[in-house]
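The values are calculated or read from the model by the stated rules, or taken from the named source; none is laboratory data. Given the structure is predicted, the values throughout are model-derived calculations rather than measurements. Methodologically, a virtual Cβ is constructed for each residue, glycine included, from the backbone with ideal geometry; neighbour enumeration extends over all protein chains shown. For accessibility, only protein heavy atoms count, side chains too; no ligands or nucleic acids. Shrake-Rupley method; radii C 1.70, N 1.55, O 1.52, S 1.80 Å.
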Amino acid sequence: MQTVFHLIADDPKQRETALTIAENLSRDDSVEMDDIAIVAQADGIEPLVAGGDGSDTVESLLDDGFSVKACGNTLDLKDLAESDLVEGVETVPSGGGELTRLQDEGYAYIRP
């Protein structure tokens, strides 16, 4: 199974909840996960920015093999460079496009 978590909210607690649910899913022995991805765009980008609120959790998830992707449009909008992101975060042209692609590949979509 494959799941993608969508980070888009400006609420830090909502972003933290999404990352915690993703982490819990990876530890759930009752489901066999092939991949867990996180796609962040708009105000959900904060945890992917190095030193940002929640970036330590993102670093841990990357170490655990999660796919973490940042919306290139959001980076442009917020005047951020790829070098501003946590090491290991992949940039995609658009968050919406990446979410659509992953769902077309069979990923379950979760937005807490």
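General observations
- Selection of strands (runs of 3 or more DSSP E) fully inside segment 1-96 by the criterion of at least 2 residues being open to solvent by less than 60 Å² (accessible area, probe 1.4 Å) and within 20 Å of Ala108 (Cα to Cα) returns 2-7, 35-40, 67-71.
- Test: residue in segment 97-112 that is under 15 Å from Thr3 (Cα atoms), modelled with pLDDT under 95 and surrounded by fewer than 15 Cβ atoms within 10 Å (Cβ to Cβ): yes
- Test: Ser60 is in contact (Cβ under 8 Å) with a residue 12 or more places away in the chain and of a type in the set (Ser, Thr, Tyr): yes
- Filtering segment 21-59 to residues that are of a type in the set (S, T, N, Q) and within 12 Å of the chain's Cα centre (by Cα) leaves Gln41, Ser55, Thr57.
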